[in-house]
Amino acid sequence: MTHLKSIRLEPGRYPTREAYPFHLPVFQKSDPLLFDTPVTFFAGENGSGKSTLLEAVSRHCGIYIWGENDGRRIYRNKYEKDLFRCLSAEWRDGRTPGAFFSSQIFHRFSEILEEWAVDDPGILDYFGGRSLLTQSHGQSLMAYFRNRFRIPGLYLMDEPETALSPTTQIELLRLLILLGKQGHAQFIIASHSPVLLACPDATIYSFDGPEIRMVPYEETDYYRVYRAFMTERERFLG
């Protein structure tokens, strides 16, 4: 079961076609992206638009993104975060709450959680009963994942593998498989990890090309490159 059935880009509502992200070729099509499986991946090279669309889906669905204030930037693209205004979504049983995760903003979230715990120590019970700041980065991430994902909802994750060892990535993969079978949590994940992308029966959308398309695991660049490197590393190093 999935909470979010589909999203559709609405190019006719774009405020511009000259600035990022509205100029990207993958955002010019209006065919819906279907979410028929509990786990869906957005795969593609940096700059392909996968993380941008993931954030837009989060904003469109009313899921808050913990982030830093970027007001100090000398130049700011005024269109950069407006893609969510040009989406439409179809839900199975009405809008569902959830959470957005990014390794880049997780530490800030952990600091805020620590401040809240001063007045309400019980809040840490929702994240394993221990301060996330007192654990290694990988341990704190898995503590967050194991406890937060027990709550039914829609979870969007931007490159969760960034701070995880291969062993911990496998641990996260097993958690995704387990929660997917239970049917109460839905995941949309932007990832470069061939470990996570190996999730059985997951949907993989590739952003590498003129349009977003569904691909099998074995046709992702990540699988092909890692497999070739492991079997023919001399060719890559020579």
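The values are calculated or read from the model by the stated rules, or taken from the named source; none is laboratory data. Everything numeric here is computed off the predicted structure, so don't read it as measured data. Backbone-built Cβ (ideal geometry, glycine too); neighbour counts: all protein chains shown.
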For Gly47, indicate whether it is more than 16 Å from Ala190 (Cα to Cα) and surrounded by fewer than 15 Cβ atoms within 10 Å (Cβ to Cβ). no
Answer yes or no as to whether Ala163 is surrounded by fewer than 21 Cβ atoms within 10 Å (Cβ to Cβ) and under 16 Å from Tyr223 (Cα atoms). no
Report, ordered by the first and then the second residue, all pairs with beta carbons closer than 6 Å, sequence separation of six or more or different chains, a first member in region 179-206 that is closer than 13 Å to Met1 by Cα and modelled with pLDDT under 95, and a second member that is among the β-branched types (Val, Ile, Thr) and assigned to a strand (DSSP E or B). Gly180/Val39
Failed condition for Arg148, given (1) more than 17 Å from the chain's Cα centre (by Cα); (2) modelled with pLDDT of 65 or more: (1)
Which count do you get for residues in region 70-104 that are surrounded by 15 or more Cβ atoms within 10 Å (Cβ to Cβ) and modelled with pLDDT under 70? 0
Anything in region 196-224 that is in a loop (DSSP other than H, G, I, E, B) and surrounded by fewer than 20 Cβ atoms within 10 Å (Cβ to Cβ)? List them, or say none. Pro200, Asp201, Asp208, Gly209, Pro210, Glu211, Val215, Pro216
Within region 195-214, restricting attention to residues that are of a type in the set (Gly, Ala, Ser) and within 16 Å of the chain's Cα centre (by Cα), which residue is nearest to Asp36 (Cα to Cα)? Ala202
Just to be sure before I move on: is Leu141 touching a residue at least 60 places away in the same chain (Cβ under 8 Å) and not in a loop (DSSP other than H, G, I, E, B) in the structure I sent? no
Scanning region 22-71 residue by residue, the ones that are part of a loop (DSSP other than H, G, I, E, B) and either in contact with an Asp or Glu (Cβ under 7 Å, 6 or more places away or on another chain) or of a type in the set (Ser, Thr, Tyr) (or both) total 8
Test: residue in region 217-233 that is of a type in the set (Lys, Arg) and within 28 Å of Arg8 (Cα to Cα): no
